[in-house]
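Visitor: Handing you this structure, nothing more for now.
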Amino acid sequence: MSVIEVQHVWKQYRRPHKQVNSLKEAVLAMLRGQTGYEEFWALRDITFTVEAGEAIGVVGPNGSGKSTLLGLLARVLKPTFGSIVVVGRVCPLLELGTGFHPELTGRENVFLNASLLGLNQRETARKYDAIVEFAELEEVMDSPVKTYSTGMVIRLGFSVAVHLDPDVLLIDEVLGVGDEHFQHKSFGRLLEFKQEGKTIFVVSHNLDALKRLCERAIWLDRGRIVKDTDSEEVIAKYRVSVELWERSLADARARDAPPG
Amino acid sequence: MSELAEVWRYREVMGNLVRRNLKVRYKNSVLGFLWSLLNPLMQIGVWWFLFKIILGNEEPNFMATLICGFIPWFFFSQTVLDSTGCVTQEMALVKKAYFPRTILPLASLLSNLIHLGFAFAVLIALFAIWRVDINVHYWLVIPSTLLITVFAYGLSAMVAAWSVFYADVKFVVGNLLGLWFFLTPVVYSLGGVLDGQVKVTNWLTGLMAHWLPVIKKIYLLDPVAMGIVGYRSALLYGGANPIMKPEDLARQVELQAQYPFAHYVLGAAMISVAVSVIGHLIFRRMSDLFAERG
């Protein structure tokens with residue numbers, strides 16, 4: 001059974017030539033006859049399906065559309081064309097901990113965040129201890145989050161997200177959060193998820209971790225799918241392309257360098 | 001309908017947001033939640049000082065008139081003002097997860113409704129202490145509040161959506177509310193306005209004098225003005241027609257015949273609902289772009 005179905009999805013951003021932040025600027029731009037926008041396709045004709053229990057990694061250079069794709073799957077963004085169907089409870093791990101309110105305590109934030117991700121109060125109360133224990137923040141849960149370190153916020157954010165019992169987990173660059181110890185622990189948790197037969201969709205530049213976690217990978221470049229198959233093969237080819245690109249950059253630099 | 005069902009499904013998020021709004025607003029202040037009372041009370045004090053002491057307003061019972069007008073006004077203006085930040089301050093949530101965006105202005109509206117309820121409870125307690133006769137006509141407060149609430153939701157939704165794209169909205173709204181304050185019968189009573197004349201001194205007053213009958217009608221169709229008038233009718237006049245001009249009974253009867261009150265209530269209610277629907281539609285259309293433009 002497929003849990004994610006993406007069909008002919010295009011996503012266009014309108015990138016303003018100049019950031020228009022006020023009415024005055026908008027009126028001036030209009031008077032000068034500037035249309036003000038540069039149209040820019042972040043994703044072009046993306047089609048793929050994901051079966052339940054699959055773990056899929058997405059690789060690609062910066063600006064290739066990886067995060068846009070995750071945003072679309074999380075329903076935070078809307079596709080310009082095409083359709084996306086995701087079945088079951090989706091848990092997006094995008095920008096961990098950013099939804100926390102600095103003035104509220106850790107406990108209050110856990111409840112707010114969990115409700116946002118679709119868990120009701122009673123379920124959250126039941127899982128609360130496990131969440132706190134996983135984040136290793138027992139002592140500080142009644143202090144405002146503004147007193148936490150960055151690492152603590154990220155740990156709590158990750159812990160809330162992975163305790164939601166999602167069907168589909170969307171992960172954006174969070175394989176390397178926290179210290180060595182927590183990285184190890186969070187990666188272990190993701191492997192557990194996989195064993196439980198959950199669907200995982202992960203964007204990362206950490207290719208080794210991707211290869212361990214995912215059996216399938218999608219390589220994006222400038223909004224198009226370059227390759228979508230076995231992760232070993234995709235990652236090996238992607239590595240070669242990155243190396244080639246870096247070498248050509250180095251060559252160009254050497255060529256342009258002044259002699260001597 | 002499915003939209004409503006979805007908001008209902010996310011009611012816990014809304015509850016959490018409301019609780020958070022209430023907690024955070026007066027965080028780090030010594031008096032905390034008491035400010036939700038002190039703030040309007042102090043403003044009432046300022047207006048009372050200005051109109052009663054400095055300008056020597058002769059109206060009997062001016063303080064009561066002022067309080068009954070100010071409580072609903074404060075609810076309305078605070079709701080619209082808060083809406084300028086209700087999406088922009090939650091960008092972190094908007095970019096992180098899907099939820100029906102409508103719950104953001106709704107949560108801000110609900111928080112302010114709770115503040116209103118709190119202020120109202122204190123008012124009733126004061127009435128009890130002052131031995132003011134508390135009677136059945138007080139129920140009129142409920143439709144009056146509803147009138148303002150529905151209207152405020154529409155405006156809030158519009159303002160919230162525009163605020164995401166233009167930072168100017170906040171300042172424009174603040175100043176417009178400052179003007180609106182005087183265009184609703186908060187610091188004066190309705191009878192004086194309907195009886196009022198404009199002395200022509202320049203082109204603007206000339207224009208106003210010419211259009212005065214129309215201006216008065218539009219004035220009466222303002223849901224906020226109608227809400228305030230409803231509060232006064234309920235709390236001060238025992239449910240009587242609120243077009244009051246106590247010192248001149250004959251003139252009052254004339255005014256009431258000239259401005260059939262029921263028509264204006266109906267008109268204001270229709271405007272309320274229309275603004276609410278339009279505001280909601282604007283918000284919904286723009287909310288697709290919140291995550292990528294904010």
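Derivation of every value follows stated rules applied to the coordinates shown; laboratory data play no part. Everything numeric in this text was worked out from a predicted model, so none of it was measured. Note that each Cβ is placed from the backbone with ideal geometry, even for glycine, and that neighbours are counted across all protein chains shown.
Visitor: Read phi for every residue in the stretch B:90-102 and hand back ³J(HN,Hα) as whole Hz from Karplus 6.51 cos²θ - 1.76 cosθ + 1.60, θ = phi - 60°, with x for Gly and Pro.
Guide: Using θ = phi - 60°, the values come out as 10, 3, 4, 6, 4, 7, 9, 9, 7, 7, x, 4, 4 Hz.
Visitor: While we're looking at this one, here's another question. At 7 Å along Cα-to-Cβ for each site, give me the label-to-label distance between A:Glu139 and B:Val198 in nm.
Guide: 7.0
Visitor: Nearest 500 deg cm²/dmol is fine: what mean residue ellipticity at 222 nm does chain A get from its DSSP H runs of n ≥ 4 alone, each adding -39,500 (n - 2.57), divided by its residue count? Write down the numbers at each step before the final one.
Guide: Working: 8 runs with 105 residues, N = 260.
Calculated at 222 nm, the ellipticity per residue is -13000 deg cm²/dmol.
Visitor: In peptide B:167-177, how many Cβ atoms from other protein chains are near each Cβ within 10 Å, on average?
Guide: 1
Visitor: Give, as ranges by residue number, the residues of the stretch B:153-170 whose backbone N falls under 16 Å from the point 7 Å along Cα→Cβ of B:Leu113.
Guide: Within reach of a label on B:Leu113: B:153-157.
Visitor: Restricting the count to DSSP beta bridges whose residues both fall in the protein assembly as shown, what percent are antiparallel, rounded to a multiple of 5?
Guide: Numbers: 23 of 40 bridges.
So the antiparallel bridges in the protein assembly as shown amount to around 60 percent.
Visitor: Can I ask one more? Find the all-direction average of the projected area of the Cα convex hull for the stretch B:2-293, expressing the result in square nanometres with one decimal place. Working shown, then result.
Guide: Values: hull surface 71.6 nm².
Taking a quarter of the hull surface, the average projection is 17.9 nm².
Visitor: Given only helices, namely DSSP H runs of n ≥ 4 each adding -39500 (n - 2.57), what is the per-residue ellipticity at 222 nm of chain B, to the nearest 500 deg cm²/dmol?
Guide: Values: 14 runs with 216 residues, N = 294.
Roughly -24000 deg cm²/dmol at 222 nm, from the helical runs in chain B.
Visitor: Moving to a separate point now. Report the percentage of all Cα-Cα pairs in the stretch B:9-94 whose separation exceeds 18 Å, rounded to a whole percent. Each step should come with its number before you reach the end.
Guide: Numbers: 2157 of 3655 pairs.
In whole percent, the share of Cα-Cα pairs in the stretch B:9-94 beyond 18 Å is 59.
Visitor: So, R0 is 41 Å and r is the distance between the beta-carbons of A:Ser83 and B:Leu179; what FRET efficiency does that work out to, to 0.05? Mind showing how you got there, number by number?
Guide: On the way: r = 47 Å, r/R0 = 1.16.
It comes out at approximately 0.30.
Visitor: Now a separate question. What does the average come to when, for each residue of peptide B:98-105, you count the partner chain Cβ atoms lying within 10 Å of its Cβ?
Guide: Mean partner-chain Cβ count within 10 Å for B:98-105: 2.
Visitor: Just order A:66-76, B:90-100 by mean Cβ neighbour count inside 10 Å, highest at the front, would you?
Guide: Averaged packing, sorted descending, gives the order A:66-76, B:90-100.
Visitor: Right, here's the next one. Take chain A, compute every pairwise Cα distance, and split them into 5 Å bins from 0; I just need the percent in each bin.
Guide: Result, from short to long distances: 1, 5, 11, 14, 15, 13, 13, 10, 8, 5, 3, 1, 0, 0, 0 percent.
Visitor: Can you classify the stretch A:145-223 as rounded, prolate or oblate using the Cα gyration tensor, where a ≥ b ≥ c are the square roots of its eigenvalues, rounded means a/c under 1.5, and otherwise it's prolate if a/b beats b/c and oblate if not? Don't skip to the end; give the middle numbers.
Guide: Values: a/c = 1.81, a/b = 1.43, b/c = 1.26.
Here the stretch A:145-223 falls in the prolate category.
Visitor: Turning to a different aspect of this structure: Can you give the convex hull volume per residue for the Cα atoms of the stretch B:147-294, as a whole number of Å³?
Guide: Working: hull volume 19.7 nm³, N = 148.
Cα-based convex hull of the stretch B:147-294, divided per residue, equals 133 Å³.
Visitor: What average number of partner chain Cβ atoms lie no more than 10 Å from the Cβ of the residues making up A:103-115? The partial results should precede the final answer.
Guide: Numbers: counts 6, 6, 1, 0, 0, 5, 2, 0, 5, 8, 5, 3, 9.
Rounded to a whole number, the mean comes out at 4.
Visitor: OK, next. Along its principal axes, what span do the Cα atoms of the protein assembly as shown show, with the longest given first and each in whole Å?
Guide: Result, largest extent first: 96, 58, 53 Å.
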